[in-house]
Amino acid sequence: TVSDQGDVVEAIIVMRKGENPSEVVNGIQGKVKYLNQYVLPADTKIVPYYDRSNLIEYATHTVLHNLIEGILLVVVLITLFLFDWRATVVVAVIIPISLLFAFICLHFMGMSANLLSLGAVDFGIILDGTIVMVEGIFVILDLKAKEVGMERFNKMSKLGIIKRAAGQIGKRPFYLNVIIITALLPIFAFQKVEGKMFSPLAYTLSFALIGSLITTLTLVPVLISILMNKNVREKHNPIVHPILSFMLGGFIKSYKYKKVVFTVAVIVMVAGIYSFKYLGSEFLPQLNEGSIWLRIQTNYSTALDKSVQTSKEARDIIMQFPQVKYCVSQTGRPDNGTDVTGFYNNEFDILMYPEDNWNPKISKDELIEKMNKALSVMPGVNLNFSQPISDNVEEAVSGVKGSICLKIFGDSLPYMEKQLNSCFNVLKNVKGIEDLGILHNIGQPELDINLDQTKMALYGVASAQANAVISMAIGGLAPGGLPASTLYEGIKTFDIRVRMPEEFRRTPEQIGELLVPTMGGSKVPIKEIATITQKTAASLIYRDDNKRYAALKFSVRGRDMGSAIAEAKEKIEKTIHLKRGYTLDFQGDFENQQRAQKRLAQVVPISLLLIFILLLSMLGNFKDALLVFTNVPFALVGGILALLITGTTFSISAGIGFIALFGICIQDGIILITVFKEN
């Protein structure tokens with residue numbers, strides 16, 4: 001149902017795996033335009049109301065904007081620090097070549113560079129080795145020019161000098177790039193959701209680094225021999241010289257008061273690492289899709305007309321918010337057989353105007369809070385706010401329609417549901433937990449007809465006869481579970497069922513009056529040979545890894561997920577005590593976060609060990625390698641402080657940033673200690 005148009009027919013178009021979303025959406029829009037113009041009647045139109053084109057365009061624009069800004073910023077900084085346009089050109093040429101090399105490699109692997117991987121490409125990392133090579137050769141050429149004089153230098157051949165210089169310096173960019181690739185190993189080790197999201201990033205950056213290394217060792221010396229053939233001299237750099245003077249002064253003072261500096265450094269490092277516990281944690285930062293997906297569930301026994309009325313009331317409330325463009329609701333279940341639900345389920349796709357046009361100016365989270373408050377006055381509703389793509393991913397990951405869920409595994413559904421109610425009462429008092437609701441297994445009315453074998457023997461009733469009467473009279477099935485007959489219309493077949501009229505089977509008392517033939521030819525009412533009771537039984541039975549479970553779902557808003565779940569776990573462990581054979585587990589985003597963090601904890605130490613081995617191989621000295629490696633904990637402290645200052649929660653994305661940071665700080669240490677050694 002559309003907010004202002006009443007009931008409509010809805011269709012969902014699913015894109016095949018591996019296809020290009022932009023091309024598919026454009027193709028669909030073209031076909032829809034053709035159908036509306038040439039095929040459909042004038043009073044019938046296909047109106048697309050949701051696709052990913054706006055999200056894709058916004059994300060693409062942001063990434064391309066960041067790429068262009070990144071390239072320009074790198075070029076400007078290189079120009080300012082190298083202070084030579086020829087050196088800048090040589091370095092800048094590597095950027096498109098490295099990216100092209102990465103795209104070619106991804107193509108041969110059957111992968112594509114997604115927006116996440118492109119947005120994370122760091123041109124500073126890619127160009128570090130190139131800058132080292134260009135600056136090193138430039139310094140050697142400058143020294144040669146000073147040695148022989150500029151006039152003679154301009155006339156002499158530099159190929160031999162450049163070749164020897166490239167051979168001497170080439171070791172550094174090789175190790176610098178290999179160390180960064182080694183630092184990316186934890187990303188390659190990610191699994192499931194996080195692996196699907198971040199592995200293209202690791203592949204893209206690794207291939208770009210390999211492309212940069214190849215061109216640095218081959219193309220860069222050639223370009224230098226062409227562009228720097230004459231007038232190579234180091235110029236006074238008004239930007240670099242003050243920085244170098246400041247750094248030198250810092251080195252001198254640090255060396256003079258080395259005990260104080262060492263003590264302060266250790267204190268800062270310990271305090272910084274200790275402060276990590278105050279960061280809070282989450283799986284991934286929330287991506288704003290530009291729309292809201294709302295699910296409202298009522299009691300399982302809700303009739304269709306009542307559910308439709310609930311849907312209309314909710315739409316009317318939602319459309320009162322000026323930020324909402326329109327709202328489309330779905331009541332019940334779709335036609336496919338994999339999304340089992342009933343009339344109690346209402347889903348709303350709420351599309352909004354661009355946030356820049358919102359009046360009053362509020363955040364999306366604030367809008368959700370206002371909607372939640374306005375809708376909560378409706379009796380007997382359970383709300384869950386998400387986003388269209390997020391909702392599908394959440395359900396695919398945990399099997400539960402909620403970002404986080406708590407599952408109790410076991411055999412007895414009534415017992416598990418009872419324990420879930422206790423968990424619900426605990427979780428509703430945890431700050432930050434919202435959209436809390438139980439996925440009830442129990443709730444289906446069930447008629448239990450229990451045949452008494454002793455009474456059946458007394459009356460001379462066979463079990464097969466009693467079962468046949470019950471099956472036919474109530475279910476319309478002949479003995480053996482077959483239909484009474486079959487109707488054929490051409491190649492089509494229709495099962496025919498014959499059963500008692502509803503007025504004779506509406507209540508347990510009426511069913512008890514149904515007659516069953518005896519072996520002696522007489523008939524006896526079912527109530528004389530059976531106990532008939534009506535009870536509430538399982539309406540749905542959920543399974544995970546072939547184990548029964550009962551679940552409740554919730555979201556976390558206004559607080560980091562890690563601390564909220566930690567508090568919830570602590571309170572549940574104190575108050576909920578399950579019988580033997582029953583287990584409790586948090587899944588969804590929390591499970592993804594725990595799995596990814598565990599993988600990082602396993603692989604990051606291995607990656608750091610490999611980096612240390614590479615340092616030993618490059619520097620040939622354990623003390624120097626250890627000295628460079630001490631950059632890692634201090635870089636970690638810097639990252640932690642940056643997150644604390646900006647109020648950013650630690651997520652898997654931040655963890656990947658730390659991984660790249662480890663490689664960069666070791667690169668810086670290598671360059672610094674190499675300069676110390678050479679001078």
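The values are calculated or read from the model by the stated rules, or taken from the named source; none is laboratory data. Bear in mind that the values here come from a model prediction, so they are computed numbers and not experimental data. Cβ: placed from backbone, ideal geometry, glycine included. Neighbour counts: every protein chain shown.
Here's the yes/no breakdown for (1) crowded, with 22+ Cβ neighbours inside 10 Å; (2) closer than 20 Å to residue 107 by Cβ; (3) of a type in the set (Ser, Thr, Tyr):
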{"site": "194", "(1), (2), (3)": "yes, no, no"}
{"site": "202", "(1), (2), (3)": "yes, yes, no"}
{"site": "217", "(1), (2), (3)": "no, no, no"}
{"site": "229", "(1), (2), (3)": "no, no, no"}
{"site": "237", "(1), (2), (3)": "no, no, no"}
| message | Given the condition in contact (Cβ under 8 Å) with a residue 60 or more places away in the chain, assigned to a loop (DSSP other than H, G, I, E, B) and of a type outside the set (Asp, Glu), answer yes or no: does some residue in the range 418-426 qualify? | response | no
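Considering only the range 53-62, I want to know if a residue exists there that is under 23 Å from residue 291 (Cβ atoms) and at pLDDT 85 or above. Spell out the reasoning first.
Restricting attention to the range 53-62, the residues satisfying the condition of being under 23 Å from residue 291 (Cβ atoms) are 53-62.
Next, from what is left, pick out any that are at pLDDT 85 or above: none.
No, that holds for no residue.
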| query | Would a scan of the range 373-385 turn up a residue that is under 23 Å from the mean Cα position of the chain (by Cα), more than 19 Å from residue 328 (Cβ to Cβ) and assigned to a loop (DSSP other than H, G, I, E, B)? | reply | no
| query | Does the range 433-474 hold any residues that are assigned to a loop (DSSP other than H, G, I, E, B), in contact with a strand residue (DSSP E or B) (Cβ under 8 Å, 6 or more places away or on another chain) and over 30 Å from residue 372 (Cβ atoms), and which are they? | reply | 452, 461
| query | What are the residues in the range 147-163 that are assigned to a helix (DSSP H, G or I) and either under 11 Å from residue 220 (Cβ atoms) or without any contact (Cβ under 8 Å) to a residue 24 or more places away in the chain (or both), if any? | reply | 147, 148, 151, 152, 155, 160, 161, 162
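Of all residues in the range 246-273, count the ones that are among the β-branched types (Val, Ile, Thr) and touching a residue at least 24 places away in the same chain (Cβ under 8 Å). Walk me through it before giving the result.
Residues of the range 246-273 among the β-branched types (Val, Ile, Thr): 252, 260-261, 263-264, 266-268, 270, 273.
Those still in the list that are touching a residue at least 24 places away in the same chain (Cβ under 8 Å) too: 268, 273.
Here the count works out to 2.
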| note | Checked the range 80-102 for anything over 19 Å from residue 218 (Cβ atoms), touching a residue at least 60 places away in the same chain (Cβ under 8 Å) and either polar (S, T, N, Q) or assigned to a helix (DSSP H, G or I) (or both); matches are 80, 81
| field | First in the range 363-389 and within 14 Å of residue 321 (Cβ to Cβ), second anywhere and modelled with pLDDT under 85 and in a helix (DSSP H, G or I), Cβ under 9 Å, 6 or more apart | value | 363/355; 364/355
| query | Restricting attention to the range 451-474, does a residue exist that is surrounded by fewer than 16 Cβ atoms within 10 Å (Cβ to Cβ), within 29 Å of the chain's Cα centre (by Cα) and touching a residue at least 24 places away in the same chain (Cβ under 8 Å)? | reply | no
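Can you say whether residue 312 is charged (D, E, K, R), surrounded by fewer than 20 Cβ atoms within 10 Å (Cβ to Cβ) and in contact with a Ser or Thr (Cβ under 9 Å, 6 or more places away or on another chain), as far as the supplied structure shows? Break it down into steps so the answer makes sense when it comes.
On the way: charged (D, E, K, R): yes; surrounded by fewer than 20 Cβ atoms within 10 Å (Cβ to Cβ): yes; in contact with a Ser or Thr (Cβ under 9 Å, 6 or more places away or on another chain): yes.
When the stated conditions are applied, residue 312 passes them.
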| Scope the range 408-430; condition small (Gly, Ala, Ser) and farther than 18 Å from residue 586 by Cβ; matching residues | 412
| remark: Checked the range 9-45 for anything under 35 Å from the mean Cα position of the chain (by Cα) and either assigned by TED's automatic domain parsing to the domain that holds residue 327 or exposed (fewer than 11 other Cβ atoms within 10 Å of the Cβ) (or both); matches are 9, 11, 12, 14, 16, 17, 18, 19, 23, 30
| Is there any pair with a first residue in the range 132-144 that is assigned by TED's automatic domain parsing to the domain that holds residue 213 and a second that is in a helix (DSSP H, G or I) and of a type in the set (Ser, Thr, Tyr) whose Cβ atoms are under 7 Å apart and which are 6 or more apart or on different chains, and what are they? | 133/216
| message | Could you go through the range 570-578 and let me know if any residue there is more than 28 Å from residue 396 (Cβ to Cβ), more than 32 Å from the chain's Cα centre (by Cα) and surrounded by 17 or more Cβ atoms within 10 Å (Cβ to Cβ). | response | no
| request: Looking for whichever is surrounded by 12 or more Cβ atoms within 10 Å (Cβ to Cβ) and among the hydroxyl-bearing types (Ser, Thr, Tyr) here; the options are 533, 493, 518. Which one fits? | output: 518
| said: Within the range 516-530, take every residue that is touching a helix residue (DSSP H, G or I) at 6+ places or on another chain (Cβ under 8 Å) and part of a strand (DSSP E or B) and give me the one that is nearest to residue 459 (Cα to Cα). | reply: 524
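Given the range 536-607, what strands (runs of 3 or more DSSP E) lie entirely inside it while holding 2 or more residues that are out of contact with any Pro (no Cβ under 6 Å at 6 or more places or on another chain), polar (S, T, N, Q) and in contact (Cβ under 8 Å) with a residue 40 or more places away in the chain?
Where strands (runs of 3 or more DSSP E) fall fully within the range 536-607 and carry at least 2 residues being out of contact with any Pro (no Cβ under 6 Å at 6 or more places or on another chain), polar (S, T, N, Q) and in contact (Cβ under 8 Å) with a residue 40 or more places away in the chain, they are 583-588.
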| request: Scan the range 125-145 for residues that are buried (at least 20 other Cβ atoms within 10 Å of the Cβ) and aliphatic (A, V, I, L, M) and jot them down. | output: 125, 126, 127, 131, 132, 133, 134, 137, 141, 145
| query | Right, residue 436: surrounded by 11 or more Cβ atoms within 10 Å (Cβ to Cβ) and closer than 28 Å to residue 542 by Cβ or not? | reply | yes
